[in-house]
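The values are calculated or read from the model by the stated rules, or taken from the named source; none is laboratory data. The structure presented is a predicted model; accordingly, all values stated were derived computationally and were not measured. As a convention, Cβ positions derive from the backbone with ideal geometry for all residues, glycine included, and neighbour counts pool all protein chains shown.
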Amino acid sequence: MTSHTDISTHTDAVTHALHADPREQGLFSRMTFQRQLSIAVTLGVLGLALISSVASSWQGSRQIRDTLVRQSQSIASSLAAQSTLALLSGSADNASEAVNATLAFPDVLRVEIHKADGGLLVARGPRTPDASGSSGSSGSSASSPLPRPYPQEAFLEGESDQNWRFVAPVWTRPSTSPFEFTPSRPEFLGYVRIVHSKATLSRVVANIFLVNLASSFFCAGLFLVAIRILSGRLTRPLTVLSRAMARAERGEADVRADVAGPQDIENMAHAFNSMIAALQERGEELLAHREHLEDLVRERTAELRTAKERAEVASQAKTAFLARMSHELRTPLNAILGYAQLLQMDKGLNDRQLLGINTIHSSGEHLLMLIIDILDLSQIEAGKTVLHPSTIRPQAFLASIADIIRIRAEQKKLRFEFQCGEGIPAAVEVDEKRLRQILLNLLSNAVKFTQAGYVLLKLDLVQHDADTRLARLHFEVQDSGSGIPEEEQERIFEPFEQAGDAHSRAAGTGLGLAISRQLVRLMGGELRVESRPGAGSRFWFELPLPCPASTLDELPLASPPAPSGAITGYAGVRRKVLVVDDVQANRAMLADLLRPLGFQTLEAADGQQALDVLRANDGVDLVFMDQAMPVMDGMEATRRIRALPGGDRLPVIALSAHASNVDRNDALGAGADAFVSKPFARNVLLEQVGRLLKLEWVRE
């Protein structure tokens, strides 16, 4: 059995709320439960009575107001009907009786009759302020005519705290004649205005409020008396239970509460007795566990820390492995695709040999895209993908993408359309590379899975906020292809998943849509699909994009179309280039690519050899610098080249199988003039060479 002190410790949290030090509590908390209940119920009932009175009065006032407004509109319409002759004749005397009869109505303060041009014909009654508190048009000799089209019925023109102003148009009543071929049309003669006081409304509303308030408070008083009687019966058993808790707090071990009162109070007494018994039984167990609690917490914390460290190590190992594999796969692909491009330029190949070379090249490009997709997906899942917004012209940007897809669509005899809605901003800020990747993926899928019909690219403006300079653009791709069953529309966004069975699926890895959806989410949108089998598919997403304050002249223009024809040489003196790469196949491929064009080539296997070659050979015009090499890497070699005499003017093109933006920025930060990722396309590499050496290419 536990001691009295143990029981007091365990029950202290339960009884503290009822027996806390009065100095630490407010006035309300020091009252008895019965008094607190009485005050709370009284305030609630009185508040409810007041709210119900106000609500009922408001509802009654609205009904009375509507009735008075309808009556005033009827008075205005009646006066308008009786003012036709006065307006036709232009004589105020013809409307005198009608005006006097209208002023005889209760609360009608002023009557006016106006001509069609707003001129005042008759005005009776005192001037009254308008809704804004200033003297209205009722006191002037003329007012502005009614705006067209003229109203057909009386209407409420305005109101103030004291009165309403109603206007009713005056129209002629056309009469039919057997001598007229066409019936005459009603003619607008003018309008009448009456000012109606709100005195009756205010008086009736006040009476309704007082009656409702008195009735509500009378019912509330009866209810409070009943609550007072009921609370007395309820609080007596609670007082007995509170005393039992106080005894337990003082350390009495065998204290028990009397089970009496309403059913809820009896249940509380039973619960209190059970709690005391349980505390007595578990006191020793709690004391034992208390001694070991800190040990358990430290053990669990150590386990969680170890699990977290293992997860971080696994994530880092996965990222490092994928990056390493990407580099290792890109390196041999560079030689494969490079020599495939060189062989494609050979005019001595027969058709079968050319077909084989084209197959090698296309298969290598397919493998490269698979590597890029897997690396992109891993970076997105690791949260390491960073967007790099730049300013683009959205219409020109999508037009260039449309030109690429139009060629593929025409090869399959598909109709391709590009639709651009109205109001598209001249410029927006977005990651151009990622947006192009998303749209090309969606459009390529549309062309791939469409055998006949059309492919459509749409751009629309959803919303443009001039204050925040934020535009919400809607991008959409439609096709008339085979469609996607509803049960597979979410599965296609999972990595390595495609719609259809194994026999109907097109070639692909199933990574494109998964990457596209994640990229759209990074940009602040959501990629969605709508499709039915046999009816085509519709993919769309919306992006909130900032609109820069630049003018059209300050925005970057679209790149001019590349000249057609393969490069066969260049004009001018022969240039000497240095190829630095630790892989002999890559050096040989670059040399075989450059020598037929008229370049002299030197080679080096690492950064140190490159420095030695530059010191021993004058007149080197350009350096191709691989980044990952033994002895001395490409970035360190580039820094040392810049320190050589005249090295700051020597163009350096960084080559790397690491193709991330971080690698690009590191290479350019080390002093390189351009960055080209491996494997590279022949025309991309030669474009950088021509730009840096200012060459005039000779083409077929």
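Below is a table of values for the structure above.
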quantity	calculated
Selected residue (only one of A562, A588 is surrounded by fewer than 11 Cβ atoms within 10 Å (Cβ to Cβ), modelled with pLDDT under 90 and outside the structural domain of A396 (by TED's automatic domain parsing))	A562
Only listed residue being farther than 27 Å from H361 by Cα and without any contact (Cβ under 8 Å) to a residue 12 or more places away in the chain, chosen from D612, D621	D612
Residue satisfying all of: in segment 385-431; outside any helix (DSSP H, G or I) and of a type in the set (F, W, Y); surrounded by the most Cβ atoms within 10 Å (Cβ to Cβ) among these	F416
Enumeration of residues in segment 590-605 that are assigned to a loop (DSSP other than H, G, I, E, B) and under 22 Å from Q688 (Cα atoms)	G598, F599
Hits in segment 457-476 (condition: touching a residue at least 40 places away in the same chain (Cβ under 8 Å), of a type in the set (A, V, I, L, M, F, W, C) and surrounded by fewer than 22 Cβ atoms within 10 Å (Cβ to Cβ))	L459, L461, V462, L470
Qualifying positions in segment 646-663 - within 17 Å of L622 (Cβ to Cβ) and of a type in the set (D, E)	D648
Residue that is surrounded by the most Cβ atoms within 10 Å (Cβ to Cβ), among those in segment 620-665 that are modelled with pLDDT of 90 or more, acidic (D, E) and not in a loop (DSSP other than H, G, I, E, B)	D626
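A quick yes/no check of all residues on (1) assigned to a loop (DSSP other than H, G, I, E, B); (2) of a type in the set (V, I, T); (3) at positive phi; (4) modelled with pLDDT of 85 or more:
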residue: P183; (1), (2), (3), (4): yes, no, no, no
residue: V192; (1), (2), (3), (4): no, yes, no, yes
residue: F217; (1), (2), (3), (4): no, no, no, no
residue: L224; (1), (2), (3), (4): no, no, no, no
residue: L230; (1), (2), (3), (4): no, no, no, no
residue: A244; (1), (2), (3), (4): no, no, no, no
